[in-house]
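Heads up, the thing below is written out as structure tokens.
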Amino acid sequence: MAILPIIHYPDERLHTQAKPVDLVDSRIRQLVADMAETMYAAPGIGLAATQVDVHLQVIVIDISENHDKLFSLINPVIVKAEGRAIHEEGCLSVPGIYEPVARAAHISVKFLDLEGKELVLEAEGLLAVCIQHEMDHLKGKVFVEYLSQLKQARLKQKLKKRARETM
């Protein structure tokens with residue numbers, strides 16, 4: 001396994017649309033393992049392949065406190081979304097920034113597991129938020145893009161300043 005470099009906003013690669021995985025094979029299983037190690041090391045609760053500059057429809061999520069309930073979703077598609085909930089979100093690609101975002105409160109998501117088997121998962125609460133957040137990455141969207149133009153401009157300035165200070 002390997003810890004992969006995470007792309008930071010506003011890097012344009014975060015706006016790349018991910019392609020579907022044609023075959024769940026050892027290469028995809030290795031990607032999932034590397035993404036999980038990267039997510040745990042960051043530390044975070046979700047990571048999309050787009051965030052590590054791999055533009056395939058793969059996400060990993062683990063919202064458990066003990067990091068022992070890893071979900072990997074390949075080619076995820078939301079087949080049902082109900083209700084509305086607002087949660088404060090953060091992102092490994094936008095470190096240190098947390099903002100409220102409105103999302104569906106309950107979702108059903110269809111995806112492939114690590115064996116290539118199609119499954120459907122019902123999710124609500126933090127898991128539903130996390131799945132929707134990571135799926136946005138696969139579509140080339142970052143959570144801060146739900147914010148007003150003014151807030152986005154301020155965030156970009158803040159992140160650019162922070163990047164200059166760490167150089």
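A few points about this structure:
- Multiplying the residue separation of Leu147 and Lys69 by 0.36 nm and removing their Cα-Cα distance gives an extension gain of 25.0 nm.
- Using a Förster distance of 22 Å, the FRET efficiency for Lys161-His15 (Cβ separation, nearest 0.05): 0.50
- Considering only Leu73, Ile6, Leu121, the residue lying farthest towards the positive end of the dipole of the chain is Ile6, judged by Cα position with unit charges set on Cβ.
- Positive dipole terminus of the chain, leading residue within Gly96, Ile59, Leu150 (C-beta point charges): Leu150
- Value of relative contact order over segment 9-124, rounded to a whole percent, pairs C-alpha under 8 Å and six or more apart: 21
- Where GluC sites (Glu not before Pro) in DSSP loops with at most 16 other Cβ within 10 Å are excluded, longest remaining stretch of the chain: 1-64
- Electrostatic dipole magnitude of the chain [Cβ: Lys, Arg +1; Asp, Glu -1; Cα centre; debye, to 20]: 820
- Choice from Gln17, Gln152, Gln51 with maximal GNM fluctuation in the chain (Cα, 10 Å cutoff): Gln152
- Calculated [θ] (222 nm, deg cm²/dmol) that DSSP helices of n ≥ 4 give over the chain, each run adding -39,500 (n - 2.57): -9500 deg cm²/dmol
- Cα gyration tensor shape for segment 48-143, rounded if a/c is under 1.5, else prolate or oblate: rounded
- Exposed loop sites, defined as trypsin sites (Lys or Arg not before Pro) outside DSSP H, G, I, E and B with at most 15 other Cβ atoms within 10 Å, are absent from the longest region of the chain, namely 1-68.
Only the coordinates and a few stated rules stand behind these numbers; no lab work does. Predicted model, so just to flag it, every value in this text is computed and none were measured. Neighbour counts are summed over all protein chains in view; Cβ atoms, including those assigned to glycine, are modelled from backbone coordinates with ideal geometry.
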